[in-house]
There are 2 protein chains.
Amino acid sequence: MDIVRPTLLLDKEICLRNIARMAEKAKAKGLIFRPHFKTHQSAVIGNWYRQFGVTAITVSSVRMAQYFAQNGWDDITIAFPVNILEINEINALAGQIRLNLLIENLESVEMLSEQISEDVGIFIEIDTGYDRSGIAPNKYYGINAMLDVIRATSQLQFKGFLSHTGHTYTAQSKHDIYNRHFDAVLKMKSLKNQFRHEFPDLILSLGDTPSASICDNFNGIDEIRPGNFIFYDLMQHQLGSCNLEDIAIRVVCPVIGKHGSRSEVIIYGGAVHISKDSIINLDGKHLYGQVVVNKEGEKVLLSERNYLYKISQEHGVIRTTTKGFANFKVGDLVEIIPVHSCLTANLMGNYLTTEGEWIPMMSSDFYNQPGSSSNSLFTASK
Amino acid sequence: MDIVRPTLLLDKEICLRNIARMAEKAKAKGLIFRPHFKTHQSAVIGNWYRQFGVTAITVSSVRMAQYFAQNGWDDITIAFPVNILEINEINALAGQIRLNLLIENLESVEMLSEQISEDVGIFIEIDTGYDRSGIAPNKYYGINAMLDVIRATSQLQFKGFLSHTGHTYTAQSKHDIYNRHFDAVLKMKSLKNQFRHEFPDLILSLGDTPSASICDNFNGIDEIRPGNFIFYDLMQHQLGSCNLEDIAIRVVCPVIGKHGSRSEVIIYGGAVHISKDSIINLDGKHLYGQVVVNKEGEKVLLSERNYLYKISQEHGVIRTTTKGFANFKVGDLVEIIPVHSCLTANLMGNYLTTEGEWIPMMSSDFYNQPGSSSNSLFTASK
């Protein structure tokens, strides 16, 4: 099949290798492997995990939980603080599958307690240092106040503590990632020590992609939830989570212009395809992607001196060296390795595998008007 | 209808007022008004322009041209350098409607000359200072080389010169926008003087939203193509293109958490809803949106000291003052005024009007697998 416009190319073999590596690591360390599916958002790709024994997954929204439930997954954690406004969808879904919700404040769990009609598992979100959502691990008073509501509500089963160590993404070195991860491990273990007498089966759930890829010490942790690792990307590469060869997706883009006076190449591929996430390049500028060109039938990765340095809605501008400039020809295709594969995939809406198969995503094969109450996929009865 | 998750709210009255103002300005100055439809990407919204006499439109991709052609528009300029790989779709479309293409280099027009089978209008893209795509206005040799190919190809009708004065977006003041716009006007007029003897009907087409909103001197220009003005956004407001009351879209987001220790509020609404485009706030930090809250039944815009200052895939973090913090309650809805409405709309996929009507976009009601050659909407024969 000819590619004629920006297309998200996916290498299935690399994905399977990445899944296998993470599944083996989890197994070797006795961890529940509950991968995050927000990265790929695809039922087809989700099924690739099954051959590695995965039966439980993580998602980031009720909509995503509905989509994967409809596609055969019956044990789902929504790793996003519960949005009480979606209580109807939550009750409907909880009547069909094993659903775990996340709480991080008393108001939410009180409203949940009043409005929940089905059994759900509850994780309390702990802020181990990322400073986004979650309660600080030393706030026993606040944690206990939430637990009191859980204790008093028969439909709410306390499952454990969950944290997203997202501050590994801003680490300056691998050593820094070890440090932040280990600090999170210690904080989580202190909670287990505090509450394991009342809740002997409580689960500690961690596992952003950088720490899950790099760190070896998960002592005391029960579950990991990495997502990005199936594709990886340049941000993960810069952090040291992966090799360039482990990155499974690229955006194929047509070359539409060349500007020799400033050694720049214009591609059809912009913010609506690749996203505006960037890392800082060697030259101190924002880098939106690295570039692979076709040289006499062989794919060649250009150095960071030839990189995607500017994007607008549909245009991308590749800055090149004088020598690098000669690699581009108007009408050719180039491949862009993305900085943040989650956002790129979300924008592109579907995948073309290197074997020529089209793979749809949630956004393309599960479209409904948001906010409409007729969106529920399930009836409320069990 | 209850809003329960991030939803793109659209005020139709504001849109109509914005269109009316721009249509009147174009009429008063004797300009062809060919609005850019990449901002809204919606057939329903496109039809709102018809009552203002609009019959010709601008789009940024072949796919968008196909979509609007299917929805009754028969005079379309694709204001993006021609992507020769889409020649089959271009020929099919050109057999059905009046289609104008953009060229900016010799290679493209040579390939076009060989492969075009239908009549198309051709604009040469001029780089008036934005340094993205386009040929510099003083490169007569290059321009003439392109014109030679056009002259020799019966299907290619030269229409004129087109420029996107995108560097008005980085202007530091209104004065700076006037300067950059006027510089572009002069450069375009010099081209008209040079080529009007051979092409007496040649069109000069300009018109980014900042200059189309702010500037009054279009002397010598024949056509404007603004797009963003239908919605406007915080970036346009910062540039001085609009008042806050002219911004027609907001993302409605549920409040899911509050963190008093750092005066921060967590909302369900992140990079996959609002986009990562930002402006610099008064405090020197990135601002991803301003916040409107509901105070005793009235919508109140909070000052820039309470703003969306961090976003990840699904989370948004609002930084507030101690006083501002009291405006938020878990389970409430807040409205985010976006920084760049084009990218926000592209991500959200559809609109809910303040009158309660759902309006689909191209991405939701015109879905096809990209790159598939079966995407053509028209047969090649006239």
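The values are calculated or read from the model by the stated rules, or taken from the named source; none is laboratory data. On a predicted model such as this, the values are computed, not experimentally measured, just so you know. Glycine gets a Cβ as well: all are built from the backbone with ideal geometry, and neighbour counts include every protein chain shown.
Key figures for this structure:
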quantity	calculated
Boolean, B:ILE150 is touching a strand residue (DSSP E or B) at 6+ places or on another chain (Cβ under 9 Å), assigned by TED's automatic domain parsing to the domain that holds B:ARG50 and part of a helix (DSSP H, G or I)	yes
Filtered residues of segment B:289-317 (kept if β-branched (Val, Ile, Thr) and over 20 Å from A:THR170 (Cα atoms))	B:VAL291, B:VAL292, B:VAL293, B:VAL300
Qualifying positions in segment A:153-188 - of a type in the set (Val, Ile, Thr) and part of a helix (DSSP H, G or I)	A:THR168, A:THR170, A:ILE177, A:VAL185
Members of segment A:126-153 found to be surrounded by 17 or more Cβ atoms within 10 Å (Cβ to Cβ) and among the polar types (S, T, N, Q), listed by number	A:THR128, A:SER133, A:THR153
Counted residues, segment A:294-346 - those being more than 28 Å from A:SER42 (Cβ to Cβ) and β-branched (Val, Ile, Thr)	7
One residue from B:SER303, B:SER261, B:SER278, B:SER241 being of a type in the set (S, T, N, Q) and within 30 Å of B:PHE161 (Cα to Cα)	B:SER241
Filtered residues of segment B:232-253 (kept if within 14 Å of chain A (Cβ to nearest Cβ), of a type outside the set (Lys, Arg) and surrounded by 24 or more Cβ atoms within 10 Å (Cβ to Cβ))	B:ASP233, B:VAL251, B:CYS253
Extreme residue, farthest from the other protein chains (Cβ to nearest Cβ), among residues of segment B:5-27 that are within 12 Å of B:VAL54 (Cβ to Cβ) and either aliphatic (A, V, I, L, M) or surrounded by 21 or more Cβ atoms within 10 Å (Cβ to Cβ) (or both)	B:ALA20
Members of segment A:28-43 that are surrounded by 24 or more Cβ atoms within 10 Å (Cβ to Cβ) and of a type in the set (Gly, Ala, Ser)	A:SER42
Single condition B:SER213 does not satisfy, out of (1) touching a helix residue (DSSP H, G or I) at 6+ places or on another chain (Cβ under 9 Å); (2) without any contact (Cβ under 8 Å) to a residue 60 or more places away in the chain; (3) not β-branched (Val, Ile, Thr)	(2)
Of all residues making up segment A:326-347, the number that are assigned to a strand (DSSP E or B), facing another protein chain (nearest Cβ under 8 Å) and out of contact with any helix residue (DSSP H, G or I) (no Cβ under 9 Å at 6 or more places or on another chain)	0
Qualifying positions in segment B:297-325 - touching a Ser or Thr at 6+ places or on another chain (Cβ under 9 Å), free of Cβ contacts under 8 Å to residues at least 60 places away in the same chain, away from chain A (no Cβ under 14 Å) and not β-branched (Val, Ile, Thr)	B:LEU302, B:SER303, B:ARG305, B:ASN306, B:TYR307
Scope segment B:95-114; condition of a type in the set (Gly, Ala, Ser), more than 9 Å from chain A (Cβ to nearest Cβ) and in a helix (DSSP H, G or I); matching residues	B:SER113
Number of the condition not met by B:GLU86 [criteria: (1) charged (D, E, K, R); (2) within 28 Å of B:VAL339 (Cα to Cα); (3) in a helix (DSSP H, G or I)]	(2)
Selected residue [within 13 Å of another protein chain (Cβ to nearest Cβ), among the polar types (S, T, N, Q) and either surrounded by fewer than 19 Cβ atoms within 10 Å (Cβ to Cβ) or closer than 29 Å to A:VAL54 by Cβ (or both)] from A:THR77, A:THR170	A:THR170
Residue within segment A:182-191 that is buried (at least 17 other Cβ atoms within 10 Å of the Cβ), closer than 30 Å to A:ILE336 by Cβ and in contact (Cβ under 8 Å) with a residue 40 or more places away in the chain present	no
